[in-house]
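The values are calculated or read from the model by the stated rules, or taken from the named source; none is laboratory data. Just so it is clear, the model here is predicted, and its values are computed rather than measured. Glycine gets a Cβ as well: all are built from the backbone with ideal geometry, and neighbour counts include every protein chain shown. The protein model used for the area step is the full one, side chains on, heavy atoms only, and it has no ligands, DNA or RNA in it. Shrake-Rupley method; radii C 1.70, N 1.55, O 1.52, S 1.80 Å.
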Amino acid sequence: MIAKAYSASILGVDAFTVEIEVNAATGGEHPVVAMVGLPDAAVRESRERVKSALSSCSYGYPWGYTTINLAPADVKKEGAAFDLPIALGMMAAISELDTALLAESMIVGELALDGSIRPIQGALPIALHARCEGKKSLILPRANACEAAIVENLTVIGVNNLAEAVGFLRRELSIEAETVEIEDYYRGNCDPTLDLAEIKGQEMVKRTMEVAAAGGHNVLLIGPPGSGKTIIAQRLPSILPLMELDEALETTKIHSIAGKLNGSGPLVVQRPFRSPHHTISDAGLLGGHTIPKPGEVSLAHNGVLFLDELPEFKRSVLEVLRQPLESGDVTIARAAGSFTFPANVQLVAAMNPCPCGHYGSTQRQCRCSPTIVQRYRSRISGPLLDRIDIHAEVAPLSDDDLMAKPRGESSAVIRERVLAARRIQKGRFAASGTRWNANMQPREIQEFCEPDDAGGQILKAAISDLNLSARAYDRILRVARTLADLEPVEQIASHHISEAVQYRALDRQLW
(Lines give C-alpha, C1' and ligand atoms only; values in the text may rest on other atoms or scores of the structure.)
Protein backbone atom coordinates (compact mmCIF):
# COMPACT_ATOMS: atom_id res chain seq x y z
CA MET A 1 0.00 0.00 0.00
CA ILE A 2 1.20 3.51 -0.80
CA ALA A 3 0.83 6.25 1.81
CA LYS A 4 1.85 9.90 1.81
CA ALA A 5 2.93 12.28 4.54
CA TYR A 6 3.96 15.91 4.17
CA SER A 7 7.00 17.52 5.72
CA ALA A 8 9.21 20.51 4.95
CA SER A 9 12.86 21.41 4.63
CA ILE A 10 14.83 24.66 4.60
CA LEU A 11 16.43 26.10 1.48
CA GLY A 12 18.10 29.44 2.13
CA VAL A 13 15.80 31.27 4.56
CA ASP A 14 12.54 29.75 3.36
CA ALA A 15 10.95 26.32 3.60
CA PHE A 16 9.67 24.07 0.83
CA THR A 17 7.32 21.09 0.95
CA VAL A 18 8.76 17.57 0.98
CA GLU A 19 6.25 14.88 0.04
CA ILE A 20 7.13 11.57 1.70
CA GLU A 21 5.78 8.57 -0.24
CA VAL A 22 5.94 5.15 1.41
CA ASN A 23 5.31 1.97 -0.58
CA ALA A 24 5.26 -1.00 1.79
CA ALA A 25 5.18 -4.51 0.33
CA THR A 26 4.31 -7.50 2.50
CA GLY A 27 5.36 -11.08 2.60
CA GLY A 28 9.14 -10.75 2.72
CA GLU A 29 11.39 -12.74 5.00
CA HIS A 30 13.24 -9.67 6.25
CA PRO A 31 12.36 -5.96 6.42
CA VAL A 32 14.27 -4.02 3.77
CA VAL A 33 13.96 -0.22 3.44
CA ALA A 34 15.21 1.72 0.42
CA MET A 35 15.26 5.51 0.59
CA VAL A 36 15.44 7.66 -2.55
CA GLY A 37 15.09 11.36 -3.35
CA LEU A 38 18.61 12.71 -2.68
CA PRO A 39 18.74 12.11 1.10
CA ASP A 40 21.92 13.04 2.94
CA ALA A 41 23.57 10.78 5.53
CA ALA A 42 21.38 12.05 8.40
CA VAL A 43 18.22 11.33 6.40
CA ARG A 44 19.37 7.84 5.37
CA GLU A 45 20.16 7.01 8.99
CA SER A 46 16.53 7.74 9.89
CA ARG A 47 15.71 4.14 8.88
CA GLU A 48 17.37 2.86 12.03
CA ARG A 49 15.92 5.56 14.29
CA VAL A 50 12.41 4.99 12.92
CA LYS A 51 12.66 1.22 13.29
CA SER A 52 13.80 1.49 16.91
CA ALA A 53 11.15 4.13 17.77
CA LEU A 54 8.30 2.09 16.27
CA SER A 55 9.49 -1.00 18.11
CA SER A 56 9.84 0.88 21.43
CA CYS A 57 6.26 2.15 21.11
CA SER A 58 4.93 -1.33 20.14
CA TYR A 59 3.78 -0.24 16.69
CA GLY A 60 3.94 -2.36 13.56
CA TYR A 61 6.79 -2.26 11.06
CA PRO A 62 6.58 -3.15 7.34
CA TRP A 63 7.81 -6.72 6.89
CA GLY A 64 9.09 -6.82 3.34
CA TYR A 65 10.56 -4.40 0.81
CA THR A 66 9.63 -0.78 1.58
CA THR A 67 10.48 2.15 -0.69
CA ILE A 68 10.52 5.69 0.73
CA ASN A 69 10.64 8.55 -1.77
CA LEU A 70 11.33 12.15 -0.76
CA ALA A 71 9.93 14.47 -3.41
CA PRO A 72 10.98 16.66 -5.13
CA ALA A 73 13.68 14.16 -6.01
CA ASP A 74 16.09 16.69 -7.54
CA VAL A 75 16.65 18.72 -4.32
CA LYS A 76 19.02 17.40 -1.64
CA LYS A 77 17.35 16.73 1.73
CA GLU A 78 19.30 17.43 4.91
CA GLY A 79 18.77 16.84 8.63
CA ALA A 80 16.84 14.52 10.91
CA ALA A 81 13.51 16.40 10.85
CA PHE A 82 11.99 13.79 8.49
CA ASP A 83 12.07 11.02 11.13
CA LEU A 84 8.56 11.62 12.48
CA PRO A 85 6.76 11.95 9.11
CA ILE A 86 8.58 8.87 7.79
CA ALA A 87 7.49 6.85 10.83
CA LEU A 88 3.87 7.99 10.47
CA GLY A 89 3.97 7.34 6.73
CA MET A 90 5.19 3.78 7.31
CA MET A 91 2.37 3.20 9.81
CA ALA A 92 -0.15 4.52 7.29
CA ALA A 93 1.31 2.24 4.61
CA ILE A 94 0.44 -0.82 6.72
CA SER A 95 -3.03 0.57 7.51
CA GLU A 96 -2.33 1.63 11.10
CA LEU A 97 -3.14 5.30 10.35
CA ASP A 98 -5.72 7.06 8.20
CA THR A 99 -3.94 8.53 5.16
CA ALA A 100 -6.56 11.30 4.86
CA LEU A 101 -5.52 12.69 8.25
CA LEU A 102 -1.88 12.84 7.19
CA ALA A 103 -2.77 14.91 4.13
CA GLU A 104 -4.18 17.70 6.31
CA SER A 105 -1.00 18.15 8.36
CA MET A 106 2.61 19.12 7.88
CA ILE A 107 4.89 17.09 10.15
CA VAL A 108 8.50 17.54 11.29
CA GLY A 109 10.51 16.06 14.15
CA GLU A 110 13.61 14.04 15.01
CA LEU A 111 13.02 10.70 16.71
CA ALA A 112 15.06 9.26 19.54
CA LEU A 113 15.43 5.47 19.75
CA ASP A 114 12.81 5.27 22.52
CA GLY A 115 10.23 7.20 20.48
CA SER A 116 10.65 10.58 22.13
CA ILE A 117 10.92 13.60 19.83
CA ARG A 118 13.84 16.00 19.80
CA PRO A 119 13.65 19.67 18.71
CA ILE A 120 14.58 20.81 15.21
CA GLN A 121 15.92 23.95 13.57
CA GLY A 122 13.83 26.22 11.38
CA ALA A 123 10.42 25.76 13.03
CA LEU A 124 9.28 29.31 12.27
CA PRO A 125 9.91 29.29 8.48
CA ILE A 126 8.32 25.83 8.33
CA ALA A 127 5.23 27.14 10.13
CA LEU A 128 4.99 30.10 7.76
CA HIS A 129 5.24 27.71 4.81
CA ALA A 130 2.61 25.36 6.26
CA ARG A 131 0.15 28.24 6.53
CA CYS A 132 0.97 29.33 2.97
CA GLU A 133 0.33 25.78 1.73
CA GLY A 134 -3.09 25.72 3.38
CA LYS A 135 -2.34 22.94 5.89
CA LYS A 136 -4.78 22.72 8.78
CA SER A 137 -2.15 21.81 11.36
CA LEU A 138 1.56 21.58 11.98
CA ILE A 139 2.77 18.68 14.13
CA LEU A 140 6.25 19.22 15.53
CA PRO A 141 8.31 18.72 18.72
CA ARG A 142 6.87 20.28 21.87
CA ALA A 143 10.11 22.26 22.33
CA ASN A 144 9.47 24.09 19.03
CA ALA A 145 5.71 24.61 19.46
CA CYS A 146 5.96 28.06 21.06
CA GLU A 147 8.18 29.31 18.22
CA ALA A 148 5.83 28.00 15.51
CA ALA A 149 2.75 29.35 17.30
CA ILE A 150 3.86 32.90 16.50
CA VAL A 151 2.33 32.27 13.06
CA GLU A 152 -1.36 33.14 13.13
CA ASN A 153 -4.16 31.13 11.50
CA LEU A 154 -2.32 27.82 11.91
CA THR A 155 -3.05 25.05 14.42
CA VAL A 156 0.27 24.15 16.02
CA ILE A 157 0.38 20.78 17.81
CA GLY A 158 3.41 20.11 19.97
CA VAL A 159 4.14 16.45 20.78
CA ASN A 160 6.65 14.92 23.15
CA ASN A 161 6.85 11.46 21.59
CA LEU A 162 5.69 9.27 18.75
CA ALA A 163 2.77 7.88 20.77
CA GLU A 164 1.28 11.36 21.21
CA ALA A 165 1.52 12.06 17.47
CA VAL A 166 -0.16 8.75 16.64
CA GLY A 167 -2.87 9.31 19.26
CA PHE A 168 -3.61 12.78 17.88
CA LEU A 169 -3.86 11.54 14.28
CA ARG A 170 -6.11 8.67 15.34
CA ARG A 171 -8.25 11.20 17.23
CA GLU A 172 -7.73 9.11 20.36
CA LEU A 173 -5.80 11.88 22.13
CA SER A 174 -6.81 15.52 22.40
CA ILE A 175 -3.85 17.92 22.36
CA GLU A 176 -4.51 21.60 22.88
CA ALA A 177 -3.10 23.82 20.15
CA GLU A 178 -0.17 26.00 21.22
CA THR A 179 -0.84 29.74 21.53
CA VAL A 180 1.38 32.70 22.34
CA GLU A 181 0.84 36.37 23.16
CA ILE A 182 3.28 38.29 20.98
CA GLU A 183 2.86 41.45 23.07
CA ASP A 184 4.41 39.64 26.04
CA TYR A 185 7.75 39.42 24.24
CA TYR A 186 7.80 43.19 23.71
CA ARG A 187 7.47 43.94 27.42
CA GLY A 188 10.68 44.41 29.37
CA ASN A 189 12.99 43.30 26.57
CA CYS A 190 15.62 46.05 26.95
CA ASP A 191 18.68 44.88 28.84
CA PRO A 192 19.06 47.30 31.80
CA THR A 193 22.66 46.24 32.36
CA LEU A 194 23.77 47.90 29.10
CA ASP A 195 23.09 51.60 29.43
CA LEU A 196 25.00 54.55 28.01
CA ALA A 197 24.56 56.31 31.35
CA GLU A 198 27.24 53.98 32.74
CA ILE A 199 29.89 55.34 30.37
CA LYS A 200 32.22 57.86 31.97
CA GLY A 201 32.99 60.92 29.86
CA GLN A 202 33.12 60.40 26.07
CA GLU A 203 30.21 62.78 25.46
CA MET A 204 31.26 63.38 21.86
CA VAL A 205 31.32 59.66 21.13
CA LYS A 206 27.90 59.22 22.74
CA ARG A 207 26.64 61.97 20.44
CA THR A 208 28.16 60.06 17.52
CA MET A 209 26.32 56.87 18.48
CA GLU A 210 23.04 58.80 18.81
CA VAL A 211 23.45 60.16 15.29
CA ALA A 212 24.32 56.69 13.99
CA ALA A 213 21.28 55.15 15.68
CA ALA A 214 18.93 57.88 14.42
CA GLY A 215 19.89 57.45 10.77
CA GLY A 216 21.07 53.83 10.65
CA HIS A 217 24.63 54.91 9.78
CA ASN A 218 27.73 52.71 9.87
CA VAL A 219 30.41 53.82 12.35
CA LEU A 220 34.18 53.40 12.72
CA LEU A 221 35.60 54.12 16.20
CA ILE A 222 39.34 54.89 16.33
CA GLY A 223 41.16 55.16 19.63
CA PRO A 224 43.83 53.68 21.92
CA PRO A 225 43.25 50.55 24.02
CA GLY A 226 41.08 51.17 27.06
CA SER A 227 39.35 54.26 25.71
CA GLY A 228 35.93 52.54 25.79
CA LYS A 229 35.31 51.67 22.12
CA THR A 230 33.92 48.20 22.82
CA ILE A 231 31.63 49.04 25.73
CA ILE A 232 30.20 51.99 23.81
CA ALA A 233 29.52 49.81 20.78
CA GLN A 234 27.88 47.15 22.96
CA ARG A 235 25.39 49.75 24.17
CA LEU A 236 24.24 50.86 20.73
CA PRO A 237 21.27 48.40 20.73
CA SER A 238 20.03 50.01 23.95
CA ILE A 239 19.22 53.23 22.07
CA LEU A 240 17.77 51.50 19.01
CA PRO A 241 13.99 50.93 18.82
CA LEU A 242 12.61 47.44 19.32
CA MET A 243 11.90 45.69 16.05
CA GLU A 244 8.47 45.84 14.48
CA LEU A 245 6.70 42.51 14.03
CA ASP A 246 7.71 42.01 10.39
CA GLU A 247 11.35 42.77 11.26
CA ALA A 248 11.17 40.43 14.27
CA LEU A 249 9.79 37.60 12.13
CA GLU A 250 12.53 38.09 9.52
CA THR A 251 15.26 38.05 12.16
CA THR A 252 13.75 35.14 14.08
CA LYS A 253 13.58 33.06 10.89
CA ILE A 254 17.33 33.44 10.41
CA HIS A 255 18.14 32.64 14.05
CA SER A 256 15.79 29.65 13.94
CA ILE A 257 17.48 28.20 10.84
CA ALA A 258 20.90 28.69 12.46
CA GLY A 259 19.75 27.11 15.75
CA LYS A 260 20.42 30.28 17.78
CA LEU A 261 17.06 30.55 19.57
CA ASN A 262 17.86 28.24 22.47
CA GLY A 263 17.13 30.10 25.70
CA SER A 264 16.42 33.42 23.95
CA GLY A 265 12.68 32.96 23.53
CA PRO A 266 10.67 32.11 20.41
CA LEU A 267 10.66 35.67 19.02
CA VAL A 268 13.64 38.01 18.69
CA VAL A 269 12.33 41.52 19.38
CA GLN A 270 15.52 43.27 20.51
CA ARG A 271 17.89 44.10 17.70
CA PRO A 272 20.68 41.50 17.55
CA PHE A 273 24.28 42.38 18.36
CA ARG A 274 26.85 40.07 16.75
CA SER A 275 30.56 40.39 17.45
CA PRO A 276 32.58 37.76 15.52
CA HIS A 277 36.25 37.20 16.33
CA HIS A 278 38.80 38.58 13.88
CA THR A 279 39.88 35.04 12.91
CA ILE A 280 36.51 34.39 11.24
CA SER A 281 36.52 33.08 7.67
CA ASP A 282 34.63 34.38 4.63
CA ALA A 283 32.10 31.56 4.96
CA GLY A 284 31.66 32.22 8.68
CA LEU A 285 30.89 35.88 8.03
CA LEU A 286 28.73 35.62 4.91
CA GLY A 287 27.44 32.06 5.25
CA GLY A 288 28.45 28.78 3.71
CA HIS A 289 28.05 24.99 3.54
CA THR A 290 27.17 22.64 0.72
CA ILE A 291 23.67 24.06 1.07
CA PRO A 292 24.56 27.48 2.55
CA LYS A 293 23.51 28.48 6.04
CA PRO A 294 23.36 32.06 7.36
CA GLY A 295 26.62 33.66 8.49
CA GLU A 296 27.30 36.30 11.12
CA VAL A 297 26.29 39.18 8.86
CA SER A 298 22.85 37.60 8.35
CA LEU A 299 22.49 36.76 12.04
CA ALA A 300 22.93 40.51 12.64
CA HIS A 301 20.09 41.32 10.20
CA ASN A 302 18.07 44.32 11.45
CA GLY A 303 20.68 44.78 14.17
CA VAL A 304 24.35 45.59 14.78
CA LEU A 305 27.43 43.85 13.42
CA PHE A 306 30.42 44.80 15.58
CA LEU A 307 33.92 44.18 14.22
CA ASP A 308 36.49 44.82 16.94
CA GLU A 309 40.14 45.22 15.95
CA LEU A 310 39.10 45.84 12.35
CA PRO A 311 42.60 45.72 10.74
CA GLU A 312 43.18 42.26 12.27
CA PHE A 313 40.46 40.74 10.07
CA LYS A 314 41.72 39.14 6.87
CA ARG A 315 41.59 41.48 3.89
CA SER A 316 39.41 39.06 1.93
CA VAL A 317 36.89 38.90 4.80
CA LEU A 318 36.59 42.68 4.95
CA GLU A 319 36.19 43.06 1.21
CA VAL A 320 33.23 40.65 1.06
CA LEU A 321 31.36 43.08 3.31
CA ARG A 322 30.99 45.53 0.43
CA GLN A 323 27.91 43.86 -1.05
CA PRO A 324 25.83 43.55 2.15
CA LEU A 325 26.73 47.09 3.27
CA GLU A 326 25.56 48.45 -0.09
CA SER A 327 22.57 46.22 -0.94
CA GLY A 328 21.42 44.83 2.43
CA ASP A 329 21.64 41.18 1.39
CA VAL A 330 24.16 38.43 0.66
CA THR A 331 24.08 36.22 -2.43
CA ILE A 332 26.03 32.96 -2.29
CA ALA A 333 26.45 30.78 -5.39
CA ARG A 334 27.03 27.04 -4.93
CA ALA A 335 26.64 23.96 -7.08
CA ALA A 336 23.25 23.40 -5.42
CA GLY A 337 22.08 26.84 -6.59
CA SER A 338 22.18 30.52 -5.71
CA PHE A 339 20.99 31.58 -2.26
CA THR A 340 20.20 35.08 -1.01
CA PHE A 341 20.21 35.86 2.71
CA PRO A 342 19.00 39.17 4.18
CA ALA A 343 21.82 41.19 5.73
CA ASN A 344 20.53 44.67 6.47
CA VAL A 345 22.99 45.49 9.25
CA GLN A 346 24.39 48.53 10.96
CA LEU A 347 28.14 48.11 11.00
CA VAL A 348 30.13 49.33 14.00
CA ALA A 349 33.88 48.80 13.72
CA ALA A 350 36.65 49.63 16.18
CA MET A 351 40.39 49.86 15.75
CA ASN A 352 43.57 51.23 17.28
CA PRO A 353 45.41 54.03 15.44
CA CYS A 354 48.50 51.79 15.16
CA PRO A 355 49.58 48.25 16.19
CA CYS A 356 50.70 49.34 19.66
CA GLY A 357 47.66 51.58 19.98
CA HIS A 358 49.33 54.81 21.07
CA TYR A 359 50.00 56.71 17.86
CA GLY A 360 49.33 60.42 18.46
CA SER A 361 48.84 59.89 22.20
CA THR A 362 50.03 62.54 24.65
CA GLN A 363 50.08 60.02 27.51
CA ARG A 364 52.19 57.15 26.15
CA GLN A 365 54.85 57.00 23.48
CA CYS A 366 54.12 55.09 20.26
CA ARG A 367 56.66 52.35 19.46
CA CYS A 368 55.64 51.92 15.82
CA SER A 369 57.67 53.24 12.89
CA PRO A 370 55.87 55.25 10.17
CA THR A 371 56.15 52.28 7.81
CA ILE A 372 54.52 49.93 10.33
CA VAL A 373 51.74 52.44 11.01
CA GLN A 374 51.04 52.89 7.30
CA ARG A 375 51.04 49.13 6.68
CA TYR A 376 48.63 48.61 9.57
CA ARG A 377 46.18 51.23 8.31
CA SER A 378 46.38 50.09 4.70
CA ARG A 379 44.75 46.78 5.68
CA ILE A 380 41.45 48.66 5.40
CA SER A 381 40.70 49.60 1.81
CA GLY A 382 39.41 52.96 0.69
CA PRO A 383 36.21 51.50 -0.84
CA LEU A 384 35.32 49.91 2.50
CA LEU A 385 35.98 53.16 4.36
CA ASP A 386 33.75 55.01 1.92
CA ARG A 387 30.87 52.71 2.93
CA ILE A 388 31.24 53.72 6.58
CA ASP A 389 29.31 56.95 7.14
CA ILE A 390 30.86 58.12 10.41
CA HIS A 391 34.50 57.96 11.51
CA ALA A 392 34.87 59.01 15.14
CA GLU A 393 37.96 59.44 17.28
CA VAL A 394 37.71 58.04 20.80
CA ALA A 395 40.15 59.84 23.06
CA PRO A 396 41.47 58.27 26.28
CA LEU A 397 39.71 59.34 29.45
CA SER A 398 41.20 62.15 31.50
CA ASP A 399 42.02 61.59 35.17
CA ASP A 400 39.01 63.66 36.23
CA ASP A 401 36.61 61.69 34.02
CA LEU A 402 38.07 58.40 35.20
CA MET A 403 37.60 59.26 38.88
CA ALA A 404 34.17 60.89 38.47
CA LYS A 405 30.86 59.06 38.67
CA PRO A 406 28.94 58.52 35.42
CA ARG A 407 26.59 61.45 34.85
CA GLY A 408 25.46 61.22 31.24
CA GLU A 409 21.97 60.69 29.84
CA SER A 410 20.41 57.26 30.06
CA SER A 411 19.78 55.11 27.00
CA ALA A 412 16.02 55.53 27.50
CA VAL A 413 16.27 59.32 27.14
CA ILE A 414 18.48 59.08 24.06
CA ARG A 415 16.21 56.43 22.55
CA GLU A 416 13.27 58.85 22.63
CA ARG A 417 15.17 61.30 20.43
CA VAL A 418 16.21 58.46 18.13
CA LEU A 419 12.60 57.31 17.84
CA ALA A 420 11.43 60.86 17.04
CA ALA A 421 14.03 61.18 14.25
CA ARG A 422 13.09 57.78 12.84
CA ARG A 423 9.41 58.68 12.80
CA ILE A 424 10.30 61.67 10.62
CA GLN A 425 12.23 59.41 8.25
CA LYS A 426 9.45 56.86 8.14
CA GLY A 427 7.02 59.54 7.00
CA ARG A 428 9.52 60.95 4.51
CA PHE A 429 10.12 57.60 2.81
CA ALA A 430 6.59 56.22 3.11
CA ALA A 431 6.18 56.08 -0.68
CA SER A 432 9.48 54.32 -1.35
CA GLY A 433 11.33 51.26 -0.14
CA THR A 434 13.95 53.30 1.72
CA ARG A 435 14.11 52.68 5.43
CA TRP A 436 16.44 55.26 6.99
CA ASN A 437 18.62 58.17 5.93
CA ALA A 438 21.63 55.88 5.57
CA ASN A 439 19.80 53.97 2.80
CA MET A 440 18.81 56.98 0.68
CA GLN A 441 19.21 56.63 -3.07
CA PRO A 442 20.81 59.40 -5.18
CA ARG A 443 17.40 60.73 -6.26
CA GLU A 444 16.30 61.00 -2.63
CA ILE A 445 19.55 62.71 -1.64
CA GLN A 446 18.91 65.38 -4.27
CA GLU A 447 15.32 65.80 -3.07
CA PHE A 448 15.76 65.80 0.70
CA CYS A 449 19.38 66.83 1.37
CA GLU A 450 19.75 70.30 -0.16
CA PRO A 451 21.82 72.44 2.27
CA ASP A 452 21.46 76.19 2.66
CA ASP A 453 23.93 78.53 0.94
CA ALA A 454 26.40 78.63 3.84
CA GLY A 455 26.26 74.86 4.20
CA GLY A 456 26.90 74.43 0.47
CA GLN A 457 30.04 76.57 0.69
CA ILE A 458 31.37 74.54 3.63
CA LEU A 459 30.68 71.30 1.79
CA LYS A 460 32.42 72.52 -1.37
CA ALA A 461 35.50 73.52 0.62
CA ALA A 462 35.56 70.18 2.44
CA ILE A 463 35.45 68.21 -0.81
CA SER A 464 38.39 70.19 -2.15
CA ASP A 465 40.51 70.20 1.02
CA LEU A 466 39.91 66.57 2.05
CA ASN A 467 39.85 65.17 -1.49
CA LEU A 468 36.64 63.26 -0.73
CA SER A 469 35.15 60.72 -3.11
CA ALA A 470 31.68 60.99 -4.61
CA ARG A 471 30.48 58.30 -2.20
CA ALA A 472 31.88 60.26 0.76
CA TYR A 473 30.01 63.34 -0.51
CA ASP A 474 26.75 61.37 -0.40
CA ARG A 475 27.56 60.09 3.09
CA ILE A 476 28.07 63.63 4.38
CA LEU A 477 24.68 64.71 3.07
CA ARG A 478 22.97 61.64 4.59
CA VAL A 479 24.51 62.29 8.00
CA ALA A 480 23.62 65.99 7.76
CA ARG A 481 20.01 65.02 7.03
CA THR A 482 20.00 62.91 10.21
CA LEU A 483 21.44 65.77 12.25
CA ALA A 484 18.65 68.03 11.00
CA ASP A 485 16.05 65.36 11.85
CA LEU A 486 17.35 65.17 15.42
CA GLU A 487 16.70 68.90 16.05
CA PRO A 488 14.17 68.59 14.23
CA VAL A 489 14.28 71.06 11.31
CA GLU A 490 13.51 70.66 7.63
CA GLN A 491 16.40 72.72 6.19
CA ILE A 492 19.94 71.39 6.42
CA ALA A 493 21.98 74.25 7.86
CA SER A 494 25.68 75.06 7.88
CA HIS A 495 26.26 73.62 11.37
CA HIS A 496 24.76 70.29 10.24
CA ILE A 497 27.18 70.17 7.32
CA SER A 498 30.10 71.13 9.56
CA GLU A 499 29.37 68.34 12.02
CA ALA A 500 28.84 65.82 9.23
CA VAL A 501 32.17 66.79 7.62
CA GLN A 502 33.85 66.34 10.99
CA TYR A 503 32.64 62.73 10.99
CA ARG A 504 34.36 62.19 7.61
CA ALA A 505 37.62 63.99 8.31
CA LEU A 506 39.34 61.13 10.10
CA ASP A 507 39.67 58.87 7.06
CA ARG A 508 41.79 61.50 5.27
CA GLN A 509 43.61 62.59 8.42
CA LEU A 510 44.71 59.08 9.33
CA TRP A 511 44.88 57.44 5.91
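The figures follow:
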item	result
Positive-end extreme of charge dipole, region 1-76 - chosen from I10, S55, A25 (charges on Cβ)	S55
Filtered chymotrypsin sites (Phe, Trp or Tyr not before Pro), region 42-90: DSSP coil and at most 11 other beta carbons within 10 Å	none
Net lengthening on full extension, H495/H30 (0.36 nm per residue, minus Cα-Cα)	159.0 nm
At R0 = 25 Å, FRET efficiency that the Cβ-Cβ distance of D184 and E409 yields, to 0.05	0.30
Pairwise label distance in nanometres, R443 with N153, each label 7 Å out on the Cα-Cβ vector	3.2 nm
Stretch gain in nm, segment E312-N160, where the contour uses 0.36 nm per residue and the Cα spacing is subtracted	50.0 nm
Among H391, A412, C354 - extreme Cα towards positive end, dipole of region 255-413, charges at beta-carbon	C354
Computed magnitude of the charge dipole of the chain (debye, nearest 20; Cβ of K, R +1, Cβ of D, E -1)	1200 debye
Surface accessible to a 1.4 Å probe, per residue, for the residues of the chain, Å²	43 Å²
Sites matching GluC sites (Glu not before Pro) across region 1-72 that sit in DSSP coil, with at most 11 neighbouring C-beta atoms within 10 Å	E29
Sorted peptide list for 228-238, 432-442, criterion being average Cβ within 10 angstrom, highest first	228-238, 432-442
Solvent-accessible area of T252 with every protein chain in place, 1.4 Å probe, in Å² to the nearest 10	0 Å²
Non-local Lys pairs in region 158-302, i.e. 8 or more apart or on different chains, that have alpha carbons under 19 Å apart	4
Label-point separation, L38 to S381 (7 Å along Cα→Cβ), nm	3.3 nm
Sparse-neighbourhood loop sites, trypsin sites (Lys or Arg not before Pro) in region 143-221 - DSSP loop, at most 10 other Cβ within 10 angstrom	R171, R187
Residues whose placed amide H lies under 5 Å from that of G201, excluding near-sequence neighbours	R407
Paired Rg and Dmax values of the chain, which use every Cα atom, in angstrom	27.7, 93
Accessible area, probe 1.4 Å, largest first, for residues T362, T67, T179	T362, T179, T67
Heavy atoms of S95 accessible to a 1.4 Å probe, total area in Å² rounded to 10	90 Å²
Which listed pairs, of K4/K51; K76/K136; K426/K460, have C-alpha distances above 25 Å, in listed order	K76/K136; K426/K460
Alpha carbon centroid spacing (whole Å) that separates region 435-465 from region 79-157	54 Å
Length added when fully stretched, E416-E319, from 0.36 nm per residue minus Cα-Cα	31.4 nm
Theoretical FRET efficiency, 1/(1+(r/R0)^6), r = Cβ-Cβ of D453 and D400, R0 25 Å, to 0.05	0.05
Cα-centred dipole magnitude for region 252-386, charges only on beta-carbon of K, R (+1) and D, E (-1), debye, nearest 20	220 debye
Cα-centred dipole magnitude for region 1-138, charges only on beta-carbon of K, R (+1) and D, E (-1), debye, nearest 20	120 debye
